[in-house]
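Quick note: the coordinates plus some simple rules give every number you see, no bench work behind them. Just so we're clear, the structure is a prediction, and the values are computed from it rather than from any experiment. Here Cβ is always computed from backbone atoms with ideal geometry, including for glycine, and neighbour counts include all displayed protein chains.
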Amino acid sequence: MMVTLHHILLDGWSLPVLMRELWTCYEAGGSAGGLPPVTPYRDYLAWLARQDKEAARDAWRRELTGADEPTLVAPGGQSTAPVASGKAATDAGAELAGQLRDLARRNGLTLNTVIQAAWAVVLGRLTGRRDVVFGATVAGRPADLPGMESMLGLFINTLPVRVRLDPARTVAELLAEVQERQSALLDHQHLSLTEIQRQTGSGATFDTIMAFENHPIGGQDATAAAAGLRITGTAMRESTNFPLSLGVHPTEELRLRLDYRPDLFDPEAAQGLLDRLVRVLGQMAADPETLVGRLDVLGEAEWSRVVAEWNATEAALPGGSIVERIEARVAEAPDGVAVRCGEEV
């Protein structure tokens, strides 16, 4: 079976809901009569219309004040047409994942905040900037609207995340600031990205996005089994118009997935970015009091390439002091020009 969908119809949260409804219909012999009632989509549209958009515009203008340039990591002049994305993936590992969750609990943070900050550090080193903006996908399902968790439709929104990387601050201070700034924007996540960019200018422009995918996915296998079906394997293919899309799955080992445009990045580069992210996360978990400027992004192989291989400029020099070398040169070329100032020699 193949399901083809566009975000204009469904978001990621909706997909397991759709599958559960499909298996329920299988169990009922093809009838949808046994499906429970759901909140109409028009109720969500009514909720959206009630939100204070002017307050949201003010909040986003304040958040992005001073962010005057786009944060772009991909080479310029390339096509932005959707392409089948390449995929790279890695696990942080159960030990590091546990340390990161402990770090978040001790400091009153979310795991999402920790990973956002680490991704910002990687982007900062990639772009050579201390003030970076990237996109974050939010569920967009208001908790005060009953039944939102079981609705099918498009609710997600992509919003700018701004992170200032002061090298003299500690990791703990950076994490606290990111959490505070994101919490202040929770009531304003309904404003569309287009409207935010219209209000704030080029500083809200980015070409990387991150999605912390903690939507519920359990129960599909059990529902399918009740319908007499056995799921032996699943796979997903996606297309993207973002050069880099980071997906975070909060599994026991913390699964990290990077979807990338293969016309802009090769597999080695994409995997290298994930390795850098895990390296930064490890340092954050090990010592949250370390300074942001001391976080190492490059691994040993990359350091060796930059410092030794690319910097292999050693050359043999003659012995003697600088005075002796000048005297030797004068003896070799007594009529040569020693100093020039404009037309005077």
Does residue 122 qualify as being in contact (Cβ under 8 Å) with a residue 24 or more places away in the chain and surrounded by 18 or more Cβ atoms within 10 Å (Cβ to Cβ)?
-> yes
For the stretch 253-263, how many residues meet the condition of being in a loop (DSSP other than H, G, I, E, B), in contact with an Asp or Glu (Cβ under 9 Å, 6 or more places away or on another chain) and surrounded by fewer than 19 Cβ atoms within 10 Å (Cβ to Cβ)?
-> 1
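Just to check your reading of the model, which residue among 62, 101, 20, 57 is surrounded by fewer than 14 Cβ atoms within 10 Å (Cβ to Cβ) and assigned to a helix (DSSP H, G or I)? Spell out how you get there, then give the answer.
Working: 101 fails: surrounded by fewer than 14 Cβ atoms within 10 Å (Cβ to Cβ); 20 fails: surrounded by fewer than 14 Cβ atoms within 10 Å (Cβ to Cβ); 57 fails: surrounded by fewer than 14 Cβ atoms within 10 Å (Cβ to Cβ).
Step by step, each of 62, 101, 20, 57 is checked, and only 62 is surrounded by fewer than 14 Cβ atoms within 10 Å (Cβ to Cβ) and assigned to a helix (DSSP H, G or I).
Looking for something in a helix (DSSP H, G or I) and aliphatic (A, V, I, L, M) - is there at least one such residue anywhere in the stretch 83-96?
Residues of the stretch 83-96 that are in a helix (DSSP H, G or I), as a first pass: 94-96.
From what is left, the residues that are aliphatic (A, V, I, L, M) are 94, 96.
Yes - at least one qualifying residue is present in the stretch 83-96.
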Among the candidates 166, 187, residue that is outside any helix (DSSP H, G or I), surrounded by fewer than 20 Cβ atoms within 10 Å (Cβ to Cβ) and either charged (D, E, K, R) or within 20 Å of the chain's Cα centre (by Cα) (or both) = 166
Filtering the stretch 260-315 down to residues that are in contact with a strand residue (DSSP E or B) (Cβ under 8 Å, 6 or more places away or on another chain) and among the hydroxyl-bearing types (Ser, Thr, Tyr) yields 260, 290
Working only within the stretch 281-319, note down all residues that are assigned to a helix (DSSP H, G or I) and of a type in the set (Phe, Trp, Tyr).
-> 303
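Taking the stretch 228-252 on its own, how many of its residues are crowded, with 19+ Cβ neighbours inside 10 Å and in a strand (DSSP E or B)? Spell out the reasoning first.
Within the stretch 228-252, the first condition is being crowded, with 19+ Cβ neighbours inside 10 Å, and the residues that meet it are 242-248.
Filter once more, so that each one left must be in a strand (DSSP E or B): 244-248.
Result for the stretch 228-252: 5.
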Please identify the pairs in which a residue from the stretch 298-315 that is under 19 Å from residue 279 (Cα atoms) has its Cβ atom under 8 Å from the Cβ atom of a residue that is assigned to a loop (DSSP other than H, G, I, E, B), counting only partners at least 6 apart or on another chain.
-> 306/298
Any idea which residue in the stretch 113-128 is farthest from the chain's Cα centre (by Cα), counting only those that are among the small types (Gly, Ala, Ser) and in a helix (DSSP H, G or I)?
-> 124
